Amino acid sequence: MADLTLYTNPMSRGRIARLMLEELGQPYDTRVLAYGAEMRTPEYLALNPMAKVPTVTHGDVVVTECAAICTYLADAFPEAGLAPAPGSPERGAYFRWMFFAAGPVEAAVTNASLGITVDTPEVRGRVGYGDMTSVLDTLEGLLSDGREWLLGARFSALDVYLGSQIGWGLQFGSMESRPGFQDYVGRLHARPAARRAAELDDALVAGSG
């Protein structure tokens with residue numbers, strides 16, 4: 001039994017955690033949970049009271065929420081090189097954009113998918129992300145200088161998390177394409193770990209059909 005366990009469903013954000021684990025290159029166990037009763041057993045609720053996936057356990061450590069999972073695993077396995085060193089200038093940018101993804105990007109895309117509009121200055125001032133245009137302009141600016149990855153030349157856990165959000169946004173039409181978005185997502189999907197992760201989850205989807 002591996003020290004790492006991923007609780008997931010292939011039709012969920014668990015794909016982000018899967019990609020992170022594949023990038024780590026560490027052995028891990030997978031436990032697939034169906035939506036509904038399997039996510040509401042006492043055993044699973046003790047790990048994730050929200051009755052959602054993904055959840056990752058590392059020994060006795062329990063981590064939920066994709067941004068937290070990516071950030072935790074990058075620090076727990078520094079040999080993978082997926083996070084800037086503590087105290088480095090890159091570290092600030094890494095945290096800035098990781099939490100931008102977990103906050104403004106996640107909220108803006110979710111609200112847009114639900115048809116919730118932010119159409120007055122008063123409302124925009126109260127909403128953490130302002131509006132979808134501001135979020136997309138910010139992401140476009142981040143990728144506008146032709147950088148290979150979100151921190152520049154270095155691939156990191158930030159690309160796993162925010163890159164996955166951009167990829168899904170383009171795939172499902174919840175995020176308008178901007179210059180640099182498609183090329184960036186293409187590089188992310190071409191990584192060996194991304195191909196392995198997609199094959200594993202796609203096989204689970206096919207097996208459940």
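Structure values in brief
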item: Contacts under 6 angstrom Cβ, first residue in region 111-132 being free of Cβ contacts under 8 Å to residues at least 40 places away in the same chain, partner of a type in the set (D, E, K, R) and not in a loop (DSSP other than H, G, I, E, B), 6 or more apart; result: VAL118/ARG124; GLY130/ARG124; ASP131/ARG124
item: Scan of region 6-47 for residues that are under 22 Å from VAL160 (Cα atoms), surrounded by fewer than 23 Cβ atoms within 10 Å (Cβ to Cβ) and among the polar types (S, T, N, Q), ordered by number; result: ASN9, SER12, GLN26, THR30
item: Test: residue in region 169-186 that is within 30 Å of THR30 (Cβ to Cβ), among the polar types (S, T, N, Q), touching a residue at least 24 places away in the same chain (Cβ under 8 Å) and out of contact with any Asp or Glu (no Cβ under 8 Å at 6 or more places or on another chain); result: yes
item: Selection status of SER134, within 25 Å of ALA157 (Cα to Cα) and either among the aliphatic types (A, V, I, L, M) or assigned by TED's automatic domain parsing to the domain that holds PHE181 (or both); result: yes
item: Where ARG91 falls short, out of the listed (1) out of contact with any Pro (no Cβ under 6 Å at 6 or more places or on another chain); (2) surrounded by 14 or more Cβ atoms within 10 Å (Cβ to Cβ); result: (1)
item: Pairs with Cβ under 7 Å, 6+ apart, first in region 196-209 and closer than 15 Å to GLY25 by Cα and at pLDDT 95 or above, second surrounded by 11 or more Cβ atoms within 10 Å (Cβ to Cβ) and charged (D, E, K, R); result: ARG196/GLU22; ALA197/ARG15; ALA197/ARG18; ALA197/GLU22; LEU200/ARG18
item: Filter pass, SER208 being in contact with a strand residue (DSSP E or B) (Cβ under 8 Å, 6 or more places away or on another chain) and either at negative phi or surrounded by 12 or more Cβ atoms within 10 Å (Cβ to Cβ) (or both); result: no
item: In region 132-155, the residues that are in a loop (DSSP other than H, G, I, E, B) and crowded, with 18+ Cβ neighbours inside 10 Å; result: LEU150, LEU151, PHE155
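Conditions (1) in contact with a helix residue (DSSP H, G or I) (Cβ under 6 Å, 6 or more places away or on another chain); (2) in the same structural domain as TYR28 (by TED's automatic domain parsing); (3) farther than 27 Å from GLY14 by Cβ; (4) not small (Gly, Ala, Ser), marked per residue:
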position: ALA112; (1), (2), (3), (4): yes, no, no, no
position: GLU122; (1), (2), (3), (4): no, no, yes, yes
position: GLY125; (1), (2), (3), (4): no, no, yes, no
position: GLU148; (1), (2), (3), (4): no, no, no, yes
position: LEU158; (1), (2), (3), (4): yes, no, no, yes
position: SER164; (1), (2), (3), (4): yes, no, no, no
position: ASP183; (1), (2), (3), (4): no, no, no, yes
position: GLY186; (1), (2), (3), (4): no, no, no, no
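The values are calculated or read from the model by the stated rules, or taken from the named source; none is laboratory data. This one's a predicted model, so the numbers in the text were calculated from it and none came from an experiment. With ideal geometry, Cβ positions are generated from the backbone for all residues, glycine too; neighbour counts draw on all protein chains shown.
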